[in-house]
Amino acid sequence: MNRIFSGMQPTRQLHLGNYLGALKNWVRLQDQFEAIFCVVDLHALTIDHDPETLRNNIRAVTAAYVAAGIDPEKNILFNQSAVPGHAELNWIFACHTPLGWLNRMTQFKEKAGKHRENAVLGLYAYPVLMAADILLYKATHVPVGEDQKQHLELARDIGGAFNRYYKRDDFFPLPEPQILGEATRVMSLRDGTKKMSKSDESDYSRINLTDDADTIALKIRKAKTDPEPLPETVEELEKRPEADNLVTIYAALADSSRSAVLAEHAGSQFSGFKSALADLAVAKLGPIAAEMKRLMDERTELDRILQRGAERAGAIAEKTMGEVKDIVGLLRY
């Protein structure tokens with residue numbers, strides 16, 4: 001069976017965009033692939049953080065995975081730092097990655113902004129660690145959003161470069177991206193041209209997975225729209241970013257398509273459509289929030305899941321690293 005690997009950073013609260021763009025798809029993929037899901041806590045060290053908050057966020061992201069429907073018995077679910085192979089393979093890959101490849105990574109330029117000289121090495125080399133995360137488990141497929149597609153292409157380049165350098169063309173598979181569903185890029189509820197983000201100052205820009213029913217409904221009512229009724233075609237919808245965002249969210253939550261949503265709601269005013277969207281969002285997200293709360297109140301269960309997942313992931317990683325060390329010429333005992 002083909003193997004998928006994917007993960008999320010434990011930075012701030014997960015939100016609707018994380019659910020629709022990733023988690024919801026992972027739940028479906030776990031029945032089609034051997035699946036490894038990771039809480040990528042080493043990546044979270046690239047930004048300012050409080051240690052106790054980070055520990056809490058690692059458990060919260062784990063709770064979100066399970067609450068959304070990821071089965072930790074059927075799949076491997078663990079936190080990245082618990083398996084040393086991620087850091088080991090990262091260094092070996094760093095020694096085979098030209099700086100020119102990293103200089104082309106657009107996300108570093110966006111995140112570092114005008115303060116590039118003060119950006120940490122970890123942020124710059126983030127894509128190399130991401131390549132190590134994926135290839136440590138010889139994943140064949142990676143579900144990613146559009147914003148991570150360039151990083152996955154680099155992972156393929158790094159794996160290919162390693163294979164060619166050591167004349168082992170079949171050692172690391174070159175993982176294929178999987179970009180799935182209507183909501184591959186969920187936008188802010190306050191600005192339909194900006195991606196929904198954990199770091200947005202306005203909490204009304206996003207629906208957090210921990211929000212209760214009243215908060216979800218309030219945020220949808222306050223979501224930015226335009227004065228026109230919903231159009232009849234997707235072509236017309238795409239000219240109106242806020243309208244397009246809300247219809248896209250509805251379609252993704254309903255396992256439908258934008259065209260099907262418009263067929264049902266074309267001509268409706270946003271007051272009515274928002275009410276229908278709020279009811280749907282509460283029905284889909286409410287149980288996730290409740291289960292997350294239960295799991296966060298039972299942290300021993302989360303720690304057991306992570307420990308067991310790390311043991312299972314570590315067994316795969318140890319085998320890969322043994323082979324890698326033999327290939328590159330390192331001694332092991």
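Values in this text are rule-based calculations from the coordinates and carry no lab data. The model shown is predicted, which means the values in this text are computed figures rather than measured ones. No Cβ is skipped: glycine too gets one built from the backbone with ideal geometry, and neighbour counts run over all protein chains shown.
See the values below:
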quantity: Cleavage-rule hits (trypsin sites (Lys or Arg not before Pro)) in the range 231-276: DSSP loop, at most 10 neighbouring Cβ within 10 angstrom; calculated: LYS239
quantity: Rounded Å value of the spacing that divides the Cα centres of the range 194-217 and the range 218-268; calculated: 18
quantity: 3J(HN,Hα) from dihedral phi, the range 199-208, Karplus parametrisation 6.51/-1.76/1.60, rounded to Hz, x for glycine, proline; calculated: 8, 4, 5, 8, 5, 7, 7, 8, 10, 6
quantity: The chain, relative contact order [Cα under 8 Å, separation at least 6], %; calculated: 23
quantity: Under 18 Å from the Cα of LYS198 - aspartates and glutamates, other chains or at least 8 residues apart; calculated: ASP41, ASP48, ASP50, GLU110, GLU146, ASP147, ASP211, ASP212
quantity: Charge tally in the Cβ shell below 12 Å around ASN75, where Lys, Arg are +1 and Asp, Glu are -1, ASN75 excluded; calculated: 0
quantity: Furthest towards positive pole of dipole, ALA289, PHE172, GLY267, structure part the chain, Cβ charges; calculated: PHE172
quantity: Neighbourhood net charge (11 Å Cβ-Cβ; Lys/Arg +1, Asp/Glu -1) for THR233; calculated: -2
quantity: Least to most buried among ILE316, ILE47, ILE76 (fewest other Cβ within 10 Å first); calculated: ILE47, ILE316, ILE76
quantity: Proximal charge balance of GLY272 [Cβ under 12 Å; K/R count +1, D/E count -1]; calculated: 0
quantity: Cα gyration tensor, the range 152-266 - rounded (a/c under 1.5), prolate or oblate; calculated: prolate
quantity: Theoretical ellipticity at 222 nm over the chain - DSSP helices of four or more residues, -39500 (n - 2.57) apiece, nearest 500; calculated: -16000 deg cm²/dmol
quantity: Cα-centre dipole for the range 203-294 with unit charges at Cβ (Lys and Arg positive, Asp and Glu negative), debye to 20; calculated: 360
quantity: The chain - charge dipole about Cα centre, Lys and Arg +1 at Cβ, Asp and Glu -1, debye rounded to 20; calculated: 640
quantity: Among ASN245, GLN148, LEU189 - extreme Cα towards positive end, dipole of the range 131-287, charges at beta-carbon; calculated: GLN148
quantity: Lysine pairs meeting the criterion (Cα under 24 Å, 8 or more apart or interchain), as found in the range 203-294; calculated: 13
quantity: Rounded if a/c under 1.5, otherwise prolate or oblate - the range 21-69, Cα gyration tensor axes; calculated: prolate
quantity: Loop-located GluC sites (Glu not before Pro) in the range 69-177 whose Cβ has at most 13 other Cβ within 10 Å (DSSP); calculated: GLU73
quantity: Cα gyration tensor shape for the range 247-286, rounded if a/c is under 1.5, else prolate or oblate; calculated: oblate
quantity: Cα-only Debye scattering, the range 203-294: base-10 log of I(q)/I(0) at q = 0.17, 0.19, 0.24 Å⁻¹; calculated: -0.69, -0.84, -1.23
quantity: Computed lengthening from ALA290 to GLU52, 0.36 nm per intervening residue step minus Cα-Cα distance; calculated: 83.4 nm
quantity: Residue-by-residue Karplus 3J(HN,Hα) for the range 62-67, coefficients 6.51, -1.76, 1.60, Hz, glycine and proline x; calculated: 4, 4, 5, 4, 5, 5
